[in-house]
Each structure stands twice: as C-alpha cells, then as structure tokens.
Ligand code: SF4
C-alpha cells in the first residue's frame, strides 16, 4: 500500500508532540509519533494517536450559517447592495446559508454599525489558543485596529494567566525556563497541582525516566494521583493551601539556611525583606499542620521536600492545580521564590515548568491576545477587559458585540448561569468553530474553519518551542485568519494577507524580541526539532532562559512574598466542623478527552473509552449511598446528574470530576471566585452539596 508521510504537530495539549501522519488518497490513515520529535521525545499519547477522526466527521460545520433571528432583526437595516445580493432569503432549520463572501460583508456591516453607534469599546474578542499564531495575531490586530477595542482575551484567562503574572513579577518572563528534556537531567522534581499522567502524558513519561535515572520525585496535590505511586514524597494537602505549603517549603529552606547565598547575592534582590516577612508569618511554619486533623504528617513531608529541593539540581512542574485558585498568581510567585532561593534556575536540569493547557496558549499570549499585552508583551496604551469583566459588561449591555474564535465560553468558563444569561443580551455574536457546541447555539454568524490538521501555521508549545505545522488533509474551509481578514477588508482595513507566511513575517517584525529570526525557512529547516524562543535575528534559539540575567527591568530576580490567608476547608478542619452533606470539589482532565471535547468526542477510539464525566468520591463518604447518579449544587448553580465512582485517592469530604461533557454542567457549580490578580476562575475548589 502506498502512502505519503507528513510531519506535523499534535493539535491537543501544550506539550506539542511532533507527529508523523500516514496519508493515503488525501486522507489520514494513521498518526504515529515522530521518532525525532523533541517535544514528544519520540512518543505521543492516545489523543495524538487516535484523535484525528473528527476531521472527517459528518458533524463538521460547513462554511457559514447565519441565524434567522439575526436576519429578521437586521434585514430592514442592511445596506441596499447586501439586500440585493441576498434576494429572497431561504432558511433551513432556523439558519440562512449564504455564500462566504456575502457573509463577510454582513459581518463587516454589523461590526461597523455597532462601532459607529457605540464606539469600539462596545466590542470584545475571546479566543486564539487552539488555532495558529498567525490567526491569533490577526485576531488581536483586527480587534484593536479595526474594531477599535482593547478587549481581547484568550483561554489563558481560565488556565495559566496566573503563571504569566507570577513569573513576570519575579523573574520577568512568563514562560517555561527550560526544555522538557531537562526534566530527565534533574536530581529532584517537585510536581505541584498537575495530574501529569492524564493532562500532559509525555511530560509524565520524562518524569518517570528521570526517576529511573535516580531522580527523586515529590508530589503536592489535594488527591492521590497516579504519579504518587512513583513519588518518593507525597504531600496530600487540604484544598486551597498551595500558597501555604509553598511558603512553608521556603520557611524550612530559610530557617535551616539551605539557601544559595551566592546566587541570592549576585542574581536577586529584596531577599532580606522576603526573609523577614516569612519569619514573621504565623502560618509559614509547617508545624501549623500539626493542628489540622487528618494532615498531621505534612510538617515532616514538607520539611523533607524543602531539603531535597534545596540540595539538588531541582525542577518544579505545575499545572492548573496551582493557578486556578483565588491566590493562583501568588502561588506562582511562591514557586519562583523557591527557584531564586536555591539557585535552581538559569541552568540545565533545573528550572520552572508551567504546563500550559491548549496547544497554542503560549503562542496566543505571545501574539498579544491578552487585554494587557500587545504582541511581544509590550503594553497597550489602553488596557482591555478580562473575560469575566467582559461578561459583566455584556450583562449591563455596554458590550454589544463579541467575536469568539475556537473557545467554547458557554461550556469551559466558570459561572455558566451568568454567562448563558449574558450571552442572550448580545446584539451580535460571531463564532469561528469546527463543530456546533454550546457557544454556537448563541451565535448570530458561525463560520466553519479549518482545524489544526488542515492548515499551515506556527504553534508555540509549553517549552517555548515553535513548530511550523503542515496540513495533513485538504479542506475547502477558510482558516481563521482568512475569515477575519475578509471581514476586516470589508470594513475598509488593509488586511491583504495571501498566506499565513505573509502574516508570520509581520509577527517577526512586531514581536522581534522573541521571534526576529524564526522565519518559515528556518522553521522548515529545523523540522521536528522546532526552535525555542527567543530566536535571534541570526537564528540562534534559547533553550534555557535566565542563564545570566533575569528578564526583569534591572535583570535581578525579585522575591515577592504573599501571606496565605486562612479560609475554607482549613477552617472547617481546625474547628472540626462536620457537615456530612457538604464536600469540596476539584476538577481536571481525563487522558482521553480535551477541554470541551469538541474534537475528541468525534473520535471513536476516544469516546468509546470515556463518554461522560464521572465523579470520583471517597469510600467512607459514600458507603451507604444507594442512588446510581447524583446531582451537585453550589452557591453558583447545579450540575447535571453524574455517575460516581469510589476512588482510593480521594480524601474524605472531597470529590473530583472532569468537565469535558456539557451535559454534566460541572462549570455551572463555579461562581465568580477567581485569582485576585488575573481573574482566572477558582476551578480547583468549590463547596458543593448533594442535591
Ligand atoms: Fe498531543 Fe499532548 Fe498527547 Fe502529546 S501529550 S500527543 S501534544 S495530547
């Protein structure tokens, strides 16, 4: 059988594994790991292997559809030429299906009308982390320059905005400091709030390889995860105590004088202030946990982690278990403080590794799809609104139009009751998507677009590695950037891009601190290795950041201390409050699915394994429970009826659920509680009761 092989990059998580697709008669037959791949290390997980079937699903969206309601409301206002082109509209199942060119004109007219009537501030755009950098760049440029709105955000708001914030505050750069392969070189690995085997499998593989080579592993989490079976130290902590525990590790390093005096003297500032604060913080001493029932072992384990971290070449790996809390950004600062204390940064085999979620969330942030950063993290003249504030302004009808690109905000964001009712208020909602989902139900115009496997574009993974992806299958659908450019053109803007490379050349000039030398030509030459930013004009890449100076203004690492505040579960544990019907729920991903499951649900080998969200519960809590399914209720809303399963890793009084299926309505349980600095929702802890 003859087939051709195309090399590209996986479209799912932030690991960004390199793939080799076998193509026969223009269709994918098989996806295999690319054996020379740097990010995947020659491996891929089940999503990489089987997660391509969605491409050929009969449920894929066509080119465009416009809601009948929108038509009825606006038809009399359409300009004459548009009316003439439409003629007598025909509706099928509540939608009008125009030619693409006509739909661009209609979208451009409506955006212009809202801009003219209410100014650009009446608009917001959300998305960009699943598509290419080129599309992300055009999305923010269109929002800022054509619509005249500063309100641009991406899904980093629900995941790693706190990593960006905390790292920039302390070390000046919000990105992983080292290549993934350095994990294998570390002597000690601290994994915090990351269910790595399920959410970032190829990182877990490296952690286990490091273990085989003799590295010690510690896990800090609210539940026992698979990695705990391999870890030397496991700290199962109460909900909402990451910052507390991380501060305690620093406390031990300081009180036992395990810190790197030379590094602190030569590379950092504000150490004395930091030291004073930590020594005067009544919560920083790990002995605090001696008084917390069920967690009395923690002082010993925390001290062991501190000693192992400070005395080894160490790396910290973290996920959303750290960031999605009300003190998420401060917890990231606490992680960075540890690296500064011990000198575990700026060299091979030591450093900081935030595990980004979506395949291009790093790239979307690099491209400026953030309300407070332009491309290359320059500051805009006017800061835009973060997504939760956009929702508020939609509620109050100050924001009239929304453009959503590849982000199902009616499923994956917190406080869905609020979001759903807000979306009803919009005057105009445009969505670029692959499939109908929760957000398309609200949309006035839905553009069906190419998926990551059908187009050319640059993606930046969680280790800052740029890959130039190649199409595996042909698609007649437009790319995201083509839809946006066409709308921009009909709004009178000069968006004359013919290819994604045209756009990338502009990115290289606009974001030259990171991408100056990362041309398509060089990316093609680098092949599966890719290039790690910053890439100099001469094409030199940077595997390890902060080798000589930090990327702060003065080049020094800056200690930042934040006291932990006593709340929630700890108060109940200390005061021995027993409310049998109330639980603390945390959420996370399953290996077989991704985010809202838009793509994975359409792949038989993935959906056959898991076809609903399951609630994991503690044996003791549920021993007399007779129901087969339960509904949960919180201060913010109610879940659907969920199947539950007893799991030995779940502590009494706590629960865990995935959130991939809209019908389970898990995200209706979360309210407005969010990280104080970035407004990333506190998805990792909510108090619930059984309904
Ligand atoms: Fe794709 Fe992530 Fe799996 Fe790699 S680890 S194959 S990038 S889903």
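Just need a number here: residues in region 9-31 that are away from the ligand (no atom under 11 Å from the Cβ) and assigned to a strand (DSSP E or B). Residues in region 9-31 being away from the ligand (no atom under 11 Å from the Cβ) and assigned to a strand (DSSP E or B): 9 in total. In the set (1) touching a helix residue (DSSP H, G or I) at 6+ places or on another chain (Cβ under 6 Å); (2) surrounded by fewer than 24 Cβ atoms within 10 Å (Cβ to Cβ); (3) part of a loop (DSSP other than H, G, I, E, B), residue 376 fails one condition alone, (3). Yes or no: residue 200 within 16 Å of the ligand (Cβ to nearest atom), in contact (Cβ under 8 Å) with a residue 40 or more places away in the chain and in contact with a helix residue (DSSP H, G or I) (Cβ under 7 Å, 6 or more places away or on another chain)? Criteria not met by residue 200.
Total residues in region 580-605 satisfying the condition of being touching a residue at least 60 places away in the same chain (Cβ under 8 Å) and under 25 Å from residue 691 (Cα atoms): the figure is 11. Somewhere in region 526-536, is a residue over 24 Å from the mean Cα position of the chain (by Cα) and within 29 Å of residue 558 (Cβ to Cβ)? Looking for residues that are over 24 Å from the mean Cα position of the chain (by Cα) and within 29 Å of residue 558 (Cβ to Cβ), one finds at least one in region 526-536, hence yes. Residues that are surrounded by 24 or more Cβ atoms within 10 Å (Cβ to Cβ) and over 16 Å from the mean Cα position of the chain (by Cα) within region 5-26 comprise 9, 17, 18, 19, listed in sequence order. Considering region 313-329, the residues that are more than 13 Å from residue 166 (Cα to Cα) and outside any loop (DSSP other than H, G, I, E, B) include one that is nearest to the chain's Cα centre (by Cα), namely 320. Would you confirm, using the coordinates I've provided, whether residue 416 is in contact with a helix residue (DSSP H, G or I) (Cβ under 7 Å, 6 or more places away or on another chain) and surrounded by fewer than 20 Cβ atoms within 10 Å (Cβ to Cβ)? Judged against the criteria, residue 416 is not a match. The sole residue among 477, 472, 523 that is crowded, with 24+ Cβ neighbours inside 10 Å and either outside any loop (DSSP other than H, G, I, E, B) or touching a residue at least 40 places away in the same chain (Cβ under 8 Å) (or both) is 472. For region 641-691, how many residues meet the condition of being closer than 23 Å to residue 598 by Cβ and out of contact with any strand residue (DSSP E or B) (no Cβ under 7 Å at 6 or more places or on another chain)? The qualifying residues number 4. Is it fair to say residue 487 is more than 21 Å from residue 660 (Cβ to Cβ) and free of Cβ contacts under 8 Å to residues at least 40 places away in the same chain? Judged against the criteria, residue 487 is not a match.
Taking first residues from region 84-102 that are within 20 Å of residue 488 (Cα to Cα) and partners that are assigned to a strand (DSSP E or B), the Cβ contacts under 6 Å between residues at least 6 apart in sequence or on separate chains come to 100/64. Check whether at least one residue in region 448-465 is within 23 Å of the chain's Cα centre (by Cα), away from the ligand (no atom under 16 Å from the Cβ) and either modelled with pLDDT under 95 or not in a loop (DSSP other than H, G, I, E, B) (or both), and report yes or no. Yes. Residues of region 177-193 that are at pLDDT 95 or above and either within 10 Å of the ligand (Cβ to nearest atom) or more than 23 Å from residue 534 (Cβ to Cβ) (or both): 186, 187, 188, 189, 190, 191, 192, 193. In this structure, residue 660 does not qualify as more than 30 Å from residue 154 (Cα to Cα) and either touching a residue at least 12 places away in the same chain (Cβ under 8 Å) or in contact with a helix residue (DSSP H, G or I) (Cβ under 8 Å, 6 or more places away or on another chain) (or both). Among residues of region 7-20 that are farther than 13 Å from residue 130 by Cβ and touching a residue at least 60 places away in the same chain (Cβ under 8 Å), those with a beta-carbon under 7 Å from a residue that is near the ligand (Cβ under 6 Å from one of its atoms) and not in a loop (DSSP other than H, G, I, E, B) at least six positions away or on a different chain give the pairs 15/202; 17/48; 17/202.
When region 32-67 is filtered for residues that are assigned to a strand (DSSP E or B) and within 15 Å of the ligand (Cβ to nearest atom), the ones remaining, listed by number, are 32, 33.
Within region 426-447, how many residues are more than 21 Å from the chain's Cα centre (by Cα) and either at pLDDT below 95 or in a strand (DSSP E or B) (or both)? Number satisfying all stated conditions: 6.
Of all residues in region 510-536, those satisfying the criterion of being modelled with pLDDT of 95 or more, over 14 Å from residue 460 (Cβ atoms) and touching a strand residue (DSSP E or B) at 6+ places or on another chain (Cβ under 7 Å) are 520, 522, 524.
Of all the numbered requirements in (1) under 20 Å from residue 148 (Cα atoms); (2) assigned to a loop (DSSP other than H, G, I, E, B); (3) over 21 Å from the mean Cα position of the chain (by Cα), residue 347 misses one, and that requirement is (1).
Could you check region 76-132 and list, in sequence order, the residues that are under 30 Å from residue 156 (Cβ atoms), assigned to a loop (DSSP other than H, G, I, E, B) and in contact with a strand residue (DSSP E or B) (Cβ under 6 Å, 6 or more places away or on another chain)? Listed by number, the residues that qualify are 128, 129, 130, 132. Would a scan of region 209-224 turn up a residue that is in contact (Cβ under 8 Å) with a residue 12 or more places away in the chain, within 16 Å of the ligand (Cβ to nearest atom) and either over 27 Å from residue 595 (Cα atoms) or touching a helix residue (DSSP H, G or I) at 6+ places or on another chain (Cβ under 7 Å) (or both)? The answer is yes, given that some residue of region 209-224 is in contact (Cβ under 8 Å) with a residue 12 or more places away in the chain, within 16 Å of the ligand (Cβ to nearest atom) and either over 27 Å from residue 595 (Cα atoms) or touching a helix residue (DSSP H, G or I) at 6+ places or on another chain (Cβ under 7 Å) (or both). Just name the residue that is nearest to residue 183 (Cα to Cα) out of those in region 536-562 that are buried (at least 18 other Cβ atoms within 10 Å of the Cβ) and in contact with a helix residue (DSSP H, G or I) (Cβ under 6 Å, 6 or more places away or on another chain). Out of the qualifying residues, it is 557. Screening the candidates 355, 370 for the property of being buried (at least 23 other Cβ atoms within 10 Å of the Cβ) and within 30 Å of residue 312 (Cβ to Cβ) yields one hit, 355.
The values are calculated or read from the model by the stated rules, or taken from the named source; none is laboratory data. Here the structure is a predicted model, which means the values were calculated and not measured. Every residue, glycine among them, receives a Cβ derived from its backbone with ideal geometry; neighbour counts consider all protein chains shown.
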